[in-house]
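Below is one structure, written out as structure tokens, with a few remarks after it.
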Amino acid sequence: MKKGLITTVLGDISPDSLGFCQSHEHLYISFAHSVPAEQLIDDPGKSLAELLVYRRVGGRALVDAQPLGCGRSAAVLISLAEQSSLHIIASTGFHKLSYYPADHWIHSAGEDVLAELFIEELTRGMYLDGGGAFPKKQGSARAGQIKTALDTEGLIPRYRTLFGAAARAALKTGRPLMVHVEKGSNPLEPADFLEKTGVPANRVIYCHPDRAVPDPAVHRELCRRGSWLEYDTIGRPGYHDDEKELSLVMGLLEAGYGDRLLMSLDTTRARLGSYGGVPGLAYIIEKFIPLMRDRGIDPKRIEDFFVKNPAGAFAAHNTRIKS
């Protein structure tokens with residue numbers, strides 16, 4: 001890992017090589033506690049078919065936001081990258097605790113152990129264990145970011161331990177730290193916590209505020225601090241329509257924070273065309289970008305959301321170890 005490079009599952013690349021990138025997707029999930037089997041994304045062939053459609057319409061890179069110990073498969077992600085010729089950025093870290101059974105190590109491992117585990121995945125290679133046992137078998141493909149999750153209960157002691165470990169990994173490696181934001185939670189809480197640990201705000205990405213945080217002033221405050229926002233409530237009428245999403249994007253632009261915005265679809269099985277879902281991974285390119293252009297958003301700014309901004313968000317920065 002070198003300063004300034006982006007780590008994909010097939011190795012480091014320069015930010016200029018990333019290309020069009022959707023910054024928060026799910027390409028393969030073999031299991032997750034509390035998620036019914038019929039909702040899993042567990043067919044590599046179908047996932048590949050989806051990626052090939054995405055590449056055909058102009059996609060070049062994606063971030064897979066599923067962390068270890070929660071259904072992620074490093075081997076499948078490697079295979080998908082090789083067969084699709086797409087840059088795939090994988091995640092270490094943790095998801096919401098409700099996605100893990102009660103006896104899972106994520107509930108009991110100490111901060112030192114967790115921090116070392118995350119650092120190992122970022123610097124040496126992702127662990128290949130697909131189940132809930134503590135990972136032991138390590139491969140050579142490295143994760144490129146640290147995934148974290150903020151649930152409605154906020155930073156209760158267990159989450160503080162997990163966020164503390166993630167912060168230490170971010171400081172040691174210079175890798176970005178992504179925060180899943182649940183509806184009803186307050187993203188300023190982890191923002192304050194991470195600031196106190198020394199993690200620079202410009203290394204933190206807050207996901208789903210467009211559907212989870214109704215107050216645009218909170219969005220602007222996170223951007224004012226220097227953090228990234230990742231909007232992905234696109235083609236999701238169960239939350240709001242694309243016109244509402246467009247209004248949020250335009251509001252952020254009017255506030256002067258277009259350089260802080262990443263965009264994606266946060267795909268589920270029900271949203272992947274190859275699994276029989278809608279709207280499909282190509283929806284942003286085929287439908288939402290034309291809508292943004294029709295509403296007068298500068299094409300150069302649109303390109304920033306998917307090319308320039310991800311290249312900046314996912315590149316390694318200077319590392320720093322807190323004493």
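The values are calculated or read from the model by the stated rules, or taken from the named source; none is laboratory data. Quantities reported herein were computed from a predicted structural model and do not represent experimental measurements. Virtual Cβ from ideal backbone geometry, glycine too; neighbours counted across all protein chains shown.
Quick notes
- Checking 149, 191, 165 one by one, the residue that is hydrophobic (A, V, I, L, M, F, W, C), farther than 19 Å from residue 4 by Cα and over 17 Å from the mean Cα position of the chain (by Cα) is 165 and no other.
- Filter result for the condition that a residue is touching a Ser or Thr at 6+ places or on another chain (Cβ under 6 Å) and surrounded by fewer than 19 Cβ atoms within 10 Å (Cβ to Cβ), over 16, 42: 42
- Residue, surrounded by the most Cβ atoms within 10 Å (Cβ to Cβ), within the stretch 58-79, restricted to residues that are on the phi > 0 side of the Ramachandran plot and at pLDDT below 95: 69
- Scope the stretch 178-202; condition more than 21 Å from residue 63 (Cα to Cα), among the acidic types (Asp, Glu) and either in contact (Cβ under 8 Å) with a residue 24 or more places away in the chain or in contact with an Asp or Glu (Cβ under 9 Å, 6 or more places away or on another chain) (or both); matching residues: 189, 195
- Failed item in (1) more than 29 Å from residue 289 (Cα to Cα); (2) at pLDDT 95 or above, with residue 103 passing the rest: (2)
- Look at the stretch 88-103: where a residue is more than 12 Å from residue 143 (Cβ to Cβ) and a partner is of a type in the set (Lys, Arg) and assigned to a strand (DSSP E or B), sitting 6+ places away or on another chain with Cβ atoms under 9 Å, you get 94/147; 95/147.
- Qualifying positions in the stretch 94-136 - charged (D, E, K, R), buried (at least 16 other Cβ atoms within 10 Å of the Cβ) and assigned to a loop (DSSP other than H, G, I, E, B): 96, 129
- Long-range neighbours under 7 Å by Cβ, at least six apart or interchain, first residue within 28 Å of residue 202 (Cβ to Cβ) and free of Cβ contacts under 8 Å to residues at least 60 places away in the same chain within the stretch 234-262, second assigned to a loop (DSSP other than H, G, I, E, B) and of a type in the set (D, E, K, R): 246/295
- Failed condition for residue 133, given (1) closer than 25 Å to residue 30 by Cβ; (2) among the hydrophobic types (A, V, I, L, M, F, W, C); (3) in contact (Cβ under 8 Å) with a residue 40 or more places away in the chain: (3)
- In the stretch 265-276, the residues that are free of Cβ contacts under 8 Å to residues at least 60 places away in the same chain form Cβ pairs under 9 Å with partners that are part of a helix (DSSP H, G or I) and not basic (Lys, Arg), at six or more places apart or across chains, as follows: 271/283; 276/270.
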